[in-house]
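The block underneath contains the structure these notes are about, expressed in structure tokens.
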Amino acid sequence: MDCLALERFRWETSRVRSLQKLRTLRDQVNEEFGRRLLFAEVLEWNREVNEYHDALIRRVIALAEEQLKEERGEAAPLPYAFLLFGSGGRREQTLWSDQDNGLIYADPSSADERIRADRYFAELAARITEGLETIGYPPCHGRVICTNVQWRKPLQDYCRMVNEWMREPDWEHVRYLLITADVRAVYGDESLGRALVEEIYRYTADRPAMLEHMLRNTLHHKVSIGVFGQLIKERYGEDAGGVDVKYGAYIPIVNGIRLLAVEAGIRHSSTEERITALIAGGHVSEEIGHDWLEALTLALKLRSMAPYQIEEGRYVTRGKLTADQLTKERVTELKQCLRIGTDLQKYVKKSIQKEINKG
């Protein structure tokens, strides 16, 4: 999409007064981005897609705030931030990503203020979630969502939860920890989100053994390529003959880069920025880093080509390329992505084990 068209859509989005009109805008922009994918520079296309997601989410939040103000005369009793996790936190949402979010607010100074804040932000979260569903974002299947009280609380409670995960690093706790490492504040007081991330980096810097627990989770999803360089395809069901691009290519790459960023103390949340910072900081050679950028570019492109549908008004996908989509060109791109992904996972394992042994 050219800069003028994107700017016009952003301008219209910031002034829309109803969720129905916002949904119409989103559908129009999705169609335009979808047409552009095959001819665009992928990383730039991805940045523009995520800038527009941010604009949509911010507008839904602003409308929810305005509704509460008009209906109840209530404004936020404390500074707060709306948080994105997952691909939203990494600025890597597809055109059909779901809701992975949370809400964090400043620590109340009294019990009465805590009660008021809990009540207000519970109602705000419900309206935001409903608004996001209306414009096509399905809720997170894993319940990482602001209507879940686990992901809606004051900063002190968030920090306490994160530290409990790190002191008891079982599989589930580390999974949540790594989800939180990708967090980004898309609306409100960004310092609250930064303070939460700092808890993870501080703890890990003091206790490098924490990286070993993170490594096990990071390497859980294997790259979908066999020992002889063949694609590992879906064997059964309606996806038979296709390839799971999300969990077989994209997730192994972003997970590996995230752990290297945590090890190096790099605070960026996007995978592209993390790789660039790893190169700039001398943590990895330019040649290897550029290979990782190539793999990320291919993974983002192929993941965005996966078919999607609209179910109950929401954009959904299974994140898999179909057998018909596996043309010679696509297979070549996919194998290149997967080969680099396999080397990346080996690099991550070696690097983290070296750091643990040093510690």
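Looking across region 234-258, just one residue is more than 22 Å from Arg47 (Cα to Cα), hydrophobic (A, V, I, L, M, F, W, C) and open to solvent by less than 30 Å² (accessible area, probe 1.4 Å), and that is Val243.
Kindly indicate whether His268 is under 27 Å from Arg184 (Cα atoms), open to solvent by 10 Å² or more (accessible area, probe 1.4 Å), touching a Leu at 6+ places or on another chain (Cβ under 8 Å) and not in a helix (DSSP H, G or I).
Considered against the rule, which asks whether it is under 27 Å from Arg184 (Cα atoms), open to solvent by 10 Å² or more (accessible area, probe 1.4 Å), touching a Leu at 6+ places or on another chain (Cβ under 8 Å) and not in a helix (DSSP H, G or I), His268 comes out as no.
The set of residues in region 171-193 being closer than 11 Å to Phe82 by Cα and of a type in the set (Val, Ile, Thr) consists of Val183, Val186.
Across region 194-214, the qualifying residues are those that are open to solvent by less than 30 Å² (accessible area, probe 1.4 Å) and within 19 Å of the chain's Cα centre (by Cα), and the one among them that is farthest from Gln336 (Cα to Cα) is Leu196.
Looking at this structure, is Thr180 crowded, with 19+ Cβ neighbours inside 10 Å and at negative phi?
yes
When region 49-64 is limited to residues that are farther than 27 Å from Ala306 by Cα and aliphatic (A, V, I, L, M), the one that is surrounded by the fewest Cβ atoms within 10 Å (Cβ to Cβ) turns out to be Ala62.
Only a single criterion out of (1) part of a loop (DSSP other than H, G, I, E, B); (2) open to solvent by 40 Å² or more (accessible area, probe 1.4 Å) is not satisfied by Cys146, namely (2). Just wondering, is there one or more residues in region 260-276 that are touching a helix residue (DSSP H, G or I) at 6+ places or on another chain (Cβ under 9 Å), of a type in the set (Asp, Glu) and over 22 Å from Arg194 (Cα atoms)? No, region 260-276 has no match at all. Spot the failing condition for Leu124; the list is (1) more than 18 Å from the chain's Cα centre (by Cα); (2) part of a helix (DSSP H, G or I); (3) surrounded by fewer than 22 Cβ atoms within 10 Å (Cβ to Cβ), and only one is missed. Leu124 satisfies all of (1) more than 18 Å from the chain's Cα centre (by Cα); (2) part of a helix (DSSP H, G or I); (3) surrounded by fewer than 22 Cβ atoms within 10 Å (Cβ to Cβ) except (3).
Is it the case that some residue within region 27-48 is under 25 Å from Ser191 (Cα atoms), surrounded by fewer than 23 Cβ atoms within 10 Å (Cβ to Cβ) and not basic (Lys, Arg)? Among the residues of region 27-48, at least one is under 25 Å from Ser191 (Cα atoms), surrounded by fewer than 23 Cβ atoms within 10 Å (Cβ to Cβ) and not basic (Lys, Arg), which makes the answer yes.
All of (1) outside any loop (DSSP other than H, G, I, E, B); (2) over 17 Å from the mean Cα position of the chain (by Cα); (3) at pLDDT 95 or above hold for Ile310 with one exception: (3). Taking Ala64 as the residue in question, decide whether it is hydrophobic (A, V, I, L, M, F, W, C), out of contact with any Pro (no Cβ under 9 Å at 6 or more places or on another chain) and free of Cβ contacts under 8 Å to residues at least 12 places away in the same chain. Spelling it out, it is not the case that Ala64 is hydrophobic (A, V, I, L, M, F, W, C), out of contact with any Pro (no Cβ under 9 Å at 6 or more places or on another chain) and free of Cβ contacts under 8 Å to residues at least 12 places away in the same chain. Candidates Glu71, Glu48: the one that is without any contact (Cβ under 8 Å) to a residue 40 or more places away in the chain and not hydroxyl-bearing (Ser, Thr, Tyr) is Glu71.
If you go through region 37-67 and pick out every residue that is assigned to a loop (DSSP other than H, G, I, E, B) and not acidic (Asp, Glu), you end up with 1. Before we move on, is Thr276 open to solvent by 60 Å² or more (accessible area, probe 1.4 Å), within 30 Å of Tyr203 (Cα to Cα), assigned to a helix (DSSP H, G or I) and modelled with pLDDT of 95 or more? In short, yes.
The values are calculated or read from the model by the stated rules, or taken from the named source; none is laboratory data. Fair warning: this is a prediction, and the values are worked out from it, not measured in the lab. No Cβ is skipped: glycine too gets one built from the backbone with ideal geometry, and neighbour counts run over all protein chains shown. Just so you know, the surface numbers come from the protein's heavy atoms only, side chains and all, with ligands and any DNA or RNA stripped out. Shrake-Rupley method; radii C 1.70, N 1.55, O 1.52, S 1.80 Å.
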